[in-house]
Amino acid sequence: MLIAIFVILVMIFAYGITNIQSAETRGWLGALVAFIFIVGLQRYLILRANKEREQKLKLFDLIVTSEDNRYSLSRFQIYVWTVWVVIAFVQVAFATLTFPIVPENLAILMGINGTTTVISTAITDIEKLKLAKPAEQPVFFSDIFLDASGTLDLPRTQMFIWTIVILVTHMVIFWKGYLAGRPSLPEVSGGMLILMGVSQGIYLGVKAAHEKKTL
């Protein structure tokens, strides 16, 4: 299935490059190609994973569920940013027929997201090894926004809100420039970068303290 999707995407790419003269139209075609590739790859990984699991994975379980079988905020964050940046990158590449420049702060932001995911997963793995709790059914709202006692987890909620706000702002700036004939990946301001770094640092600190308390 994955090979078939790849062949189709190559054919679409070749058609777009050779037959479409409008840069804006080529860009939209590129976004479609990137979206199909992401969905196809994700579907393929789910099918492969389900062959070895008794509890079958759903679409987002493969992406955002951490090792303790709960939805992970850090994995959700890196997932939405990766999907968006890949689509925007390919759209700019198709529109300009050049290799897009990735702004420095945007690359740093993606690195921060990845680092947070690795550290968060390591903390979760330590808890799993020491407690060996049975897996529970993941519930997005409670796993993302509530703590173990069922009350609102403010650091996690803050991190989620800022993730969505910065992501949507980046999308709006991108579309505004694209529709104005200036396709490029927007830079992320230094202040927003610091804000996300502080927010994620607080999130990891609270998570580590909670896991230590439960051991």
Query raised in the report: Which condition number does Thr25 fail, the rest of (1) β-branched (Val, Ile, Thr); (2) crowded, with 18+ Cβ neighbours inside 10 Å; (3) modelled with pLDDT under 90 being met?
Result: (2)
Requested in this report: Among the residues of segment 187-199, write down those that are crowded, with 19+ Cβ neighbours inside 10 Å and part of a loop (DSSP other than H, G, I, E, B).
Outcome: Val188
Report summary line: Only one of (1) part of a helix (DSSP H, G or I); (2) more than 19 Å from the chain's Cα centre (by Cα); (3) at pLDDT below 80 does not apply to Ser149, and that is (1)
Report task. Tell me, please, whether a residue that is outside any helix (DSSP H, G or I), at pLDDT 85 or above and at negative phi can be found in segment 122-143. Result -> no
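The values are calculated or read from the model by the stated rules, or taken from the named source; none is laboratory data. As the structure is a prediction and not an experimental result, all values here were calculated from the model. Using ideal geometry, Cβ is built from the backbone for each residue, glycine included, and neighbour counts are taken over all protein chains shown.
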